[in-house]
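Engineer: Here's a structure for you.
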Amino acid sequence: MKVAIGSDHAGIDLKKELVSLLNEMKIECIDFGTDSPQSVDYPDFGEKVSKAVSAGNVERGILICGTGIGMSIVANKVPDIRASLCNDLFTAKMSRLHNDANVLVIGGRIVGRDLAKEIVRTWFSTEFEGGRHANRLNKIKLIEERFIKHGL
Ligand code: RB5
């Protein structure tokens, strides 16, 4: 599996840790930055990672900002993105089981390194359940298409 990862300055330390973890897990990962602790705007990095997922260049994405909220808002603006803010293990598991989340968002100022690693392990090892949850995701897709085509 190929994964895109990105963060703003508030997520850079955790991003480094997660890149190492992905390497250990033998998951290929493309790092979209940021690469320095200088203050940057999270939408720039959230968009890059989400576009890579939406275009099918990678299968999944990981985004980190301070709380994870800003990155979640950005990612969910991009067609076909189901970004889930997972600052705990239960949410990480459910976001895959029920929501087939394709972008994992973590708050770098909220979650410690070890918990974040466990969230990533859980998220990648949990499969979508399908069934009634697939119907619900289809409804979300229809809402997205309606807004793109008709603006309502
Ligand atoms: C940056 O200070 C902070 O606002 C950002 O990382 C994020 O938490 C936004 O939602």
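The values are calculated or read from the model by the stated rules, or taken from the named source; none is laboratory data. Note that this is a predicted model, so its numbers are computed, not measured. All Cβ positions, even for glycine, are placed from backbone atoms using ideal geometry, and neighbour counts span all protein chains on display.
Engineer: For the subset of the stretch 39-55 comprising residues that are under 12 Å from the mean Cα position of the chain (by Cα) and either of a type in the set (S, T, N, Q) or within 15 Å of the ligand (Cβ to nearest atom) (or both), which member is farthest from Val105 (Cα to Cα)?
Structural biologist: Ser54
Engineer: For the stretch 95-118, enumerate the residues that are farther than 21 Å from Met25 by Cβ and either away from the ligand (no atom under 13 Å from the Cβ) or part of a helix (DSSP H, G or I) (or both).
Structural biologist: His98, Asn99
Engineer: Could you look through the stretch 20-34, keep only residues that are in contact (Cβ under 8 Å) with a residue 12 or more places away in the chain and among the charged types (D, E, K, R), and pick out the one that is surrounded by the fewest Cβ atoms within 10 Å (Cβ to Cβ)? Quick ask: steps written out before the conclusion?
Structural biologist: Going through the stretch 20-34, the residues in contact (Cβ under 8 Å) with a residue 12 or more places away in the chain turn out to be 21-22, 25, 27-34.
Now narrow it down to the ones that are among the charged types (D, E, K, R): 28, 31.
Numbers: Glu28: 11, Asp31: 18.
Of everything passing the filter in the stretch 20-34, Glu28 is surrounded by the fewest Cβ atoms within 10 Å (Cβ to Cβ).
Engineer: Sticking with this one: Pull up the stretch 104-140, narrow it to residues that are without any contact (Cβ under 8 Å) to a residue 40 or more places away in the chain and closer than 23 Å to Gly70 by Cα, then point me to the one that is surrounded by the most Cβ atoms within 10 Å (Cβ to Cβ).
Structural biologist: The residue in question is Ile119.
Engineer: Out of the residues in the stretch 62-94 that are assigned to a strand (DSSP E or B) and aliphatic (A, V, I, L, M), which is farthest from the ligand (Cβ to nearest atom)? Talk me through it step by step, then tell me what you get.
Structural biologist: Within the stretch 62-94, the first condition is being assigned to a strand (DSSP E or B), and the residues that meet it are 62-65, 83-85.
If we keep only those that are aliphatic (A, V, I, L, M) as well, we get 62-64, 83, 85.
Values: Ile62: 15, Leu63: 10, Ile64: 8, Ala83: 13, Leu85: 10 Å.
Looking at residues that are assigned to a strand (DSSP E or B) and aliphatic (A, V, I, L, M), I get Ile62.
Engineer: Residues in the stretch 38-58: is at least one closer than 29 Å to Ile143 by Cα and touching a residue at least 60 places away in the same chain (Cβ under 8 Å)? Explain how you work it out, then say what you get.
Structural biologist: We begin by selecting, within the stretch 38-58, every residue closer than 29 Å to Ile143 by Cα; these are 41-58.
From what is left, the residues that are touching a residue at least 60 places away in the same chain (Cβ under 8 Å) are none.
Looking through the stretch 38-58, none of the residues is closer than 29 Å to Ile143 by Cα and touching a residue at least 60 places away in the same chain (Cβ under 8 Å).
Engineer: If a residue has to be out of contact with any helix residue (DSSP H, G or I) (no Cβ under 7 Å at 6 or more places or on another chain) and hydroxyl-bearing (Ser, Thr, Tyr) to count, how many in the stretch 75-94 make the cut?
Structural biologist: Qualifying residue count, the stretch 75-94: 1.
Engineer: If you check Asp88, Asp100, which single one turns out to be within 17 Å of Leu137 (Cβ to Cβ), at pLDDT 95 or above and surrounded by fewer than 18 Cβ atoms within 10 Å (Cβ to Cβ)?
Structural biologist: Result: Asp100 is the single residue among Asp88, Asp100 that is within 17 Å of Leu137 (Cβ to Cβ), at pLDDT 95 or above and surrounded by fewer than 18 Cβ atoms within 10 Å (Cβ to Cβ).
Engineer: For Ser36, all conditions in the list (1) outside any helix (DSSP H, G or I); (2) near the ligand (Cβ under 10 Å from one of its atoms); (3) out of contact with any strand residue (DSSP E or B) (no Cβ under 7 Å at 6 or more places or on another chain) hold save one; what is the number of the exception?
Structural biologist: (2)
Listed here are the residues, each with its yes/no results for (1) over 11 Å from the mean Cα position of the chain (by Cα); (2) among the charged types (D, E, K, R).
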residue	(1), (2)
Asn57	yes, no
Arg60	no, yes
Met71	no, no
Arg109	yes, yes
Asp114	yes, yes
Leu137	yes, no
Phe147	yes, no
